[in-house]
Structure formats: structure tokens, C-alpha cells
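The block underneath contains the structure these notes are about, expressed in C-alpha cells.
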Amino acid sequence: MATVIVVNWNRREFLRECLVSIGNQVTYAGAAFPCEILVVDNGSVDGSAEMVAGEFPAVRLIRNPSNRGFCAANNQGIAAARAPRIALLNNDAAAEPRWLAALTAAHDRSETTGMAASKILQYEAPGRIDKAGHILYLDGQNRGRGTGEADRGQYDGPLQIGWPDGCAAMYRKAMLDQIGGFDEDLFAYADDAELGLRARIAGWECAYAPEAVVRHRRGATLGQGNPRRVFLIERNRILLAAKLFPWRLLLLNPYYFLRRLCAAAGQPGDLAAFPGWRGKLSLAAAIVRADLAALWLLPRFLAKRSAIRRIARLRGRELAELLRREAPEPAAMYGQ
């Protein structure tokens, strides 16, 4: 049994397809997969909540009067969930029929497995990878493993995955009760990487389920070229590092950021979403605003480090080794 949480904000048609795909979940034997579906609507004004209430009466619906963000809304769903396994699915994603069965099988292999990652394909080009788990640069920027690659089966075998992408993931409720849910100060973006790394620090492992396939519309929530999206990504990479990274890596954060920035100069990445000099100026302004916002919140996130120490199984040197082992070479400025 699993509770599937879908957070929604003004994506009625995407949400409808998402809920239909959850309703079509089956076991490996072909029977309907038992699950509870919970939609948390963040103050949508496009009739999303009314559509859920009218067309999906079995779905539990939580309606917020305003947009509380991805983190707070998921935490609402986690608090209301009745099952020992919590699955998240983005409203702009559609799951294949055995998604939940495959995630559950991977999740239940070990009692130390607190998370399970899906194989996420691009919705518009299902022959290409969106994300197969997460990877993390040494400056705190996270991106999907394999993003943009042609799907040649290279992510269909056993893989060491640090943590799942929150677009389509499963979490053990007992783990969340121990370490806490999403950090609501992040609002959205990098929240799943922060939660996943915090879980690894606490000694939990992540499984990967290549048969748990989801198709995802990349950047549909705010749009690839939205300065607000860039702001949140840049601000949150600094805050994630300030909260979780060992001091020896945190002090080198500017060096690793500049190293990744230089590598991005010859890569299209998300830079293509900001064409022309006006676009690049808008991108630069969003980054500067994000860095200033991170500086303002830095004392708050540094104070959170003491709470992390109380649950930590990995200490500074072990954590630094894990991060260096998992870190990719810088390839793009924003690989989210």
C-alpha cells in the first residue's frame, strides 16, 4: 500500500492525465495496485480543484487558499498520508502502469532503503532521458543523471543512486518521521536533493527502479526561461550547501561554482532559454538577486546544521568522500 501525493498549481489538464495514470497502476500480476491518491492544490484559479472533486471522487483533496510552494504542500500530504510508503508524482508527469509496483519492489528490498528513484523520460521525446536519479556538483547545484541523453538502456541495470528526483519518487514514512520532510524555506527546486542528501547523512540508502517509468514535461511549472526558476535554483544550491556540506567543501564553494560556470560557457544548457543580450542580462540579474537572497538566509541555514548533527551517521570526512565520489564533472550551468 502506498499514498501517492500530487502537488498542483494551475495545471488542470496536466493534472487530469497524471491522475488517470495513477488510477491505471497495476501489480506485476495485472491486478489493480492498492494506493491512496492525495492531491494538494496550491490555490489554483483554473478550476483544478473543482475538476478533481468532480471527476475523481476517490481522490483525497487538500485545498490551500494560496500557493504555499512544492515543499510545504508535500509536507501537508505526508502528514495526511495513511500508508507506510509515500510516493510523489509531479502534476506534469504521467506514470506507466507498473510504476508503483516497480518502485515498491525496489523500496522493500532492504530495511535501510529509505528512498526509491524512478526512470524519468522526457514527455515530448520519450526516447530521451529526463532523469535517472540525481547527481550533485560540489558547489551544491543538482541535476538529473543522464539528462538529455538518448535512452539506449544505459540506465536499465543496477545503479548506485544518491537519491531520487522528487518528480517521481518513493519515500519510507518512517524515514521522514525520523529526519523530517521537505525544507519549506526552499519553497521549490533543490528540495528533493536536500531531503535526499539529508537522508544519506542519516544513514538511509536509495534504491533505483528502472522499470518504474514516468514521462515528464521538463520545466512545465515555471518554464525553462523564467527568471524566477533561475532565482530559486541558484539561491537554493547555496542554501543546500550551507546546511549540509562539510566545512572543507563549503569553504571551497566559490571555487567550484566558478569552475562549473567556466564549463558552462561552451554548453547550451538552459542558457539557450535566455536568447540575446537582453536574455543574458535577465539571467545575470536573476543570479545576482539569488545570491543576495541566499546571503540574507545564510545565518538561518547555518543554524540548521546543528539539527543535522543530531541525526548524522556520516561525519565530515565520510560525507566529503561521498560527495566527491558522486560529483560529475561540470558540464552545464543549470542542468535541472
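In table form, for the structure just shown:
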read-out: For the stretch 31-169: rounded, prolate or oblate by the Cα gyration tensor [a/c cutoff 1.5]; value: prolate
read-out: Count of Lys pairs (Cα-Cα under 23 Å; at least 8 positions apart or interchain) in the chain; value: 5
read-out: Where trypsin sites (Lys or Arg not before Pro) fall in DSSP loop in the stretch 1-89, at most 13 other Cβ within 10 Å; value: ARG82
read-out: Quotient of C-alpha Rg and 2.2 N^0.38 Å, computed over the stretch 1-61; value: 1.14
read-out: The chain, relative contact order in percent, only Cα pairs under 8 angstrom and at least six apart counted; value: 19 percent
read-out: Helix-only mean residue ellipticity at 222 nm for the chain, each DSSP H run of n ≥ 4 adding -39500 (n - 2.57), per residue, nearest 500; value: -12500 deg cm²/dmol
read-out: Distance-filtered residues of the stretch 281-306 - backbone nitrogen under 20 Å, label point 7 angstrom along LEU261 Cα→Cβ; value: 281-298
read-out: Environment charge at ASP183 (Cβ cut-off 9 Å; Lys +1, Arg +1, Asp -1, Glu -1); value: -1
read-out: Distant-in-sequence amide H partners of VAL4 (H built 1.01 Å from N, under 5 Å); value: GLU36, ILE37, LEU38, ALA87
read-out: Stretch in the chain that is longest and holds no GluC sites (Glu not before Pro) that DSSP places in a loop and that have at most 16 other beta carbons within 10 Å; value: 150-336
read-out: Residue exposure sequence - LEU103, LEU295 - by fewest surrounding Cβ within 10 Å; value: LEU295, LEU103
read-out: Reciprocal of mean inverse Cα separation for the stretch 123-205 (Kirkwood radius, Å); value: 13.9 Å
read-out: Convex hull of Cα atoms in the stretch 227-326, direction-averaged projection (nm²); value: 7.2 nm²
read-out: Where N is the number of residues in the chain, Cα Rg divided by 2.2 N^0.38 Å; value: 0.95
read-out: Candidates GLY114, GLY203, GLY77, ranked by Gaussian network fluctuation over the chain, Cα under 10 Å, top entry; value: GLY203
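Throughout, read-outs are computed from the coordinates displayed, never taken from laboratory work. Only a predicted model underlies this, so the values are computations on that prediction, with no experimental measurement involved. For neighbour counting, all protein chains shown are included, and Cβ atoms are generated from backbone atoms with ideal geometry for every residue, glycine included.
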